[in-house]
1. Do you know which residues across segment A:202-231 are in contact with a Cys (Cβ under 7 Å, 6 or more places away or on another chain) and at the interface with chain B (Cβ under 8 Å from one of its Cβ atoms)?
2. Looking only at residues in segment A:34-53 that are outside any strand (DSSP E or B) and more than 7 Å from chain B (Cβ to nearest Cβ), which one is most open to solvent (accessible area, probe 1.4 Å)?
3. Within segment A:169-216, track down each residue that is within 16 Å of A:Cys22 (Cα to Cα), over 15 Å from the mean Cα position of the chain (by Cα) and open to solvent by 50 Å² or more (accessible area, probe 1.4 Å).
4. Say whether the condition of being open to solvent by less than 100 Å² (accessible area, probe 1.4 Å), more than 14 Å from every other protein chain (Cβ to nearest Cβ) and not in a loop (DSSP other than H, G, I, E, B) is met by at least one residue in segment B:303-310.
5. How many of the residues making up segment A:115-145 are open to solvent by less than 10 Å² (accessible area, probe 1.4 Å) and under 23 Å from A:Gln210 (Cβ atoms)?
6. Taking segment A:178-201 as the region of interest, how many residues are at the interface with chain B (Cβ under 8 Å from one of its Cβ atoms) and either under 13 Å from A:Gly150 (Cα atoms) or of a type in the set (A, V, I, L, M) (or both)?
7. Kindly indicate which of B:Asp135, B:Asp147, B:Asp142 is under 19 Å from the mean Cα position of the chain (by Cα), acidic (Asp, Glu) and modelled with pLDDT of 90 or more.
8. Assess whether B:Ser60 counts as being of a type in the set (Gly, Ala, Ser), more than 18 Å from A:Tyr55 (Cα to Cα), at pLDDT 90 or above and open to solvent by less than 60 Å² (accessible area, probe 1.4 Å).
Amino acid sequence: MQSDAKIRTEYGTDSSPQSPGCSLRHFACEQNLLSRPDGSASFLQGDTSVLAGVYGPAEVKVSKEIFNKATLEVILRPKIGLPGVAEKSRERLIRNTCEAVVLGALHPRTSITIVLQVISDAGSLMACCLNATCMALVDAGVPMQALFCGVTCALDSDGTLVLDPTAKQEKEARAVLTFALDSVDQKLLMSTTKGLYSNAELQQCLAAAQAASQHVFRFYRESLQRRYSKS
Amino acid sequence: MKETPLSNCERRFLLRAIEERKRLDGRQTYDYRNIKISFGTDYGCCIVELGKTRVLGQVSCELVSPKLNRATEGILFFNLELSQMAAPAFEPGRQSDLLVKLNRLLERCLRNSKCIDTESLCVVAGEKVWQIRVDLHLLNHDGNIIDAASIAAIVALCHFRRPDVSVQGDEVTLVHLTPFRTFLLVDPSEREERVMDGLLVIAVNKHREICTIQSSGGIMLLNEQVLRCSKIAGVKVAEITELIQKALENDQKVRKEGGKFGFAESIAKQRITAFKMEEAPVDTSDVEEKAEEILAEAEPPPDVVSKPVLWTPGTAQIGEGVENSWGDLEDSEKEDEDEGGSDEAIIFKGVRMDVGMEVSNTGSQEAPIVLSDSEEEETIILEPDKNPKKIRTQTISAKQEKAPSKTAAKKRKKKRTAN
């Protein structure tokens with residue numbers, strides 16, 4: 001099963017923000033920016049920006065309580081209009097990812113609520129939501145067995161792989177794949193895909209996402225070091 | 001989540017401090033908190049921070065047909081949402097009272113002030129007009145939502161570029177005053193709002209005309225107090241308008257000069273809780289080999305060929321279904337029925353459904369009770385000293401019976417039909 005996918009690599013930072021090939025856009029993250037939630041984080045990837053707020057572990061309604069672990073709830077709000085079915089499905093994906101890493105057993109009969117607000121959407125929204133969620137959970141001090149990150153890949157019509165695509169690249173792509181990877185072994189926690197791709201392309205995108213996740217985890221580590229170091 | 005109640009000592013402390021003209025954050029009674037306005041990369045997107053209260057505003061437009069009684073006017077639609085991250089008490093079902101009040105007040109202030117000339121939004125009279133939609137999201141609640149929301153709405157509208165012409169409007173700023181018995185506070189924080197007796201909202205435009213005034217909470221104010229408040233509002237509006245103009249000019253300048261704009265730039269660099277990383281290349285040269293390795297090691301997927309059987313147009317069956325797993329039944333009659341029932345029609349509210357799979361039988365257990373007109377009626381005699389027979393669902397009648405009480409009901413129903 002030889003694949004025909006071409007992957008171009010670019011070394012060095014390019015001046016043009018739209019350079020094709022495998023590079024992640026400019027990242028920025030600010031934690032603890034809201035005073036009311038227990039943890040909050042704003043994650044920016046290029047022009048895509050998501051704000052996450054976490055409340056928990058807190059009181060849970062009796063109808064929703066689980067006797068041996070915490071109840072995770074994710075709420076995603078779009079910028080314009082009322083939330084619809086797409087938001088519900090994204091909420092579920094994020095919830096499944098969080099349930100895999102959050103140590104809910106340490107806080108039984110409590111609720112951990114994650115609220116996400118889309119501030120601007122310019123491509124790879126799902127990955128940005130996942131990253132913001134992880135940083136907000138860290139800021140809230142929720143116990144987790146690993147950190148996680150989201151990476152989006154797009155495959156365009158001639159099979160070129162693009163990481164962290166912009167809105168334009170996503171629209172023109174043949175397939176868009178988003179993966180949630182964990183920080184310990186870069187194992188796959190969640191994947192959601194749209195479009196046509198072959199088996200080989202899927203594995204290649206996954207391998208590329210794993211390589212990209214190293215950068216994201218390095219970013220997490222550096223930003224937390226900056227915050228908690230004594231110097 | 002329930003709102004954390006305010007303790008009595010905290011309440012007393014706040015009221016005593018206000019009596020002595022002291023506020024928790026050290027402000028004077030007529031001082032506003034710091035207002036910070038930042039813009040996003042798209043036009044019409046802004047975030048306003050009034051102290052710690054944060055509101056996100058976004059303006060969008062759409063071409064629609066106008067309202068029947070206003071054929072030459074565009075439509076302006078405001079929507080304020082209290083996000084659940086703003087306060088733990090803002091759950092989807094719970095905040096309707098406050099939400100309606102805020103939305104109504106915001107709409108009144110911004111519509112009555114005529115800050116947007118709706119006639120100018122008309123494209124083709126009677127057919128196509130612009131519908132301008134302003135979405136406001138409260139991100140953090142630290143008091144004075146209405147002021148922050150109104151500033152965000154105005155700034156977003158001023159910043160917005162309609163596809164042909166930019167929308168310019170008269171600025172309207174609301175000033176939220178909180179009377180505490182005889183003490184007035186401007187721009188209350190969340191704690192101060194909790195102990196307040198009532199509130200007075202005055203919307204003033206830059207020409208010092210009062211557009212809207214609302215007093216709620218049942219406090220009684222003297223007319224000189226109201227006049228004083230409106231004077232304060234006038235002064236504050238001038239300051240805030242200047243701030244808005246400056247922020248808009250700055251943003252316009254940065255965009256024209258080609259510099260970086262957007263929320264990324266508004267993150268303060270010197271904060272330790274903020275961190276940035278420039279564009280990073282990712283080495284994906286070995287991706288192909290890795291993928292090939294994985295594919296080589298992986299087992300080929302099992303060969304599954306599905307053979308659907310078409311019963312009638314629109315009904316197909318794949319597979320044989322599973323053996324009924326409900327266990328042994330006391331009545332062998334019932335067992336025969338059940339096995340034979342897998343291919344029988346199930347009457348469901350008068351609609352016939354062909355179901356091939358046995359599994360659906362268990363599904364029909366949850367079907368609502370349907371009056372049975374089947375031939376298989378049985379009279380069940382309840383004997384109090386014996387264990388009542390557990391009657392299985394008759395697949396033909398699709399009735400649900402679990403308890404003896406229900407069998408009694410069945411009996412009663414049968415009696416009625418017999419009569």
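1. From segment A:202-231, those in contact with a Cys (Cβ under 7 Å, 6 or more places away or on another chain) are A:205, A:208-209, A:213, A:216-217, A:223; that's our starting set.
Hits for segment A:202-231 are A:Ala208, A:Ser223.
2. The initial filter retains those residues of segment A:34-53 that are outside any strand (DSSP E or B), namely A:34-38, A:46-47.
Now drop any that are not more than 7 Å from chain B (Cβ to nearest Cβ), which leaves A:38, A:46.
On the way: A:Asp38: 79, A:Gly46: 17 Å².
Filtering first and then ranking leaves A:Asp38.
3. A:Glu170, the sole residue that qualifies.
4. At the first step, the residues of segment B:303-310 found to be open to solvent by less than 100 Å² (accessible area, probe 1.4 Å) are B:306, B:308-309.
From the residues that got through so far, the ones that are more than 14 Å from every other protein chain (Cβ to nearest Cβ) too are B:306, B:308-309.
Of the ones still in play, those that are also not in a loop (DSSP other than H, G, I, E, B) are B:309.
Yes: segment B:303-310 contains one or more residues that are open to solvent by less than 100 Å² (accessible area, probe 1.4 Å), more than 14 Å from every other protein chain (Cβ to nearest Cβ) and not in a loop (DSSP other than H, G, I, E, B).
5. 12
6. 1
7. On the way: B:Asp147 fails: under 19 Å from the mean Cα position of the chain (by Cα); B:Asp142 fails: under 19 Å from the mean Cα position of the chain (by Cα).
Of the residues listed, the single one that is under 19 Å from the mean Cα position of the chain (by Cα), acidic (Asp, Glu) and modelled with pLDDT of 90 or more is B:Asp135.
8. yes
The values are calculated or read from the model by the stated rules, or taken from the named source; none is laboratory data. The structure presented is a predicted model; accordingly, all values stated were derived computationally and were not measured. Ideal geometry is used to build each Cβ from the backbone, glycine not excepted, and the neighbour counts take in all protein chains shown. Areas reflect the complete protein model, heavy atoms only, side chains present, ligands, DNA and RNA absent. Shrake-Rupley method; radii C 1.70, N 1.55, O 1.52, S 1.80 Å.
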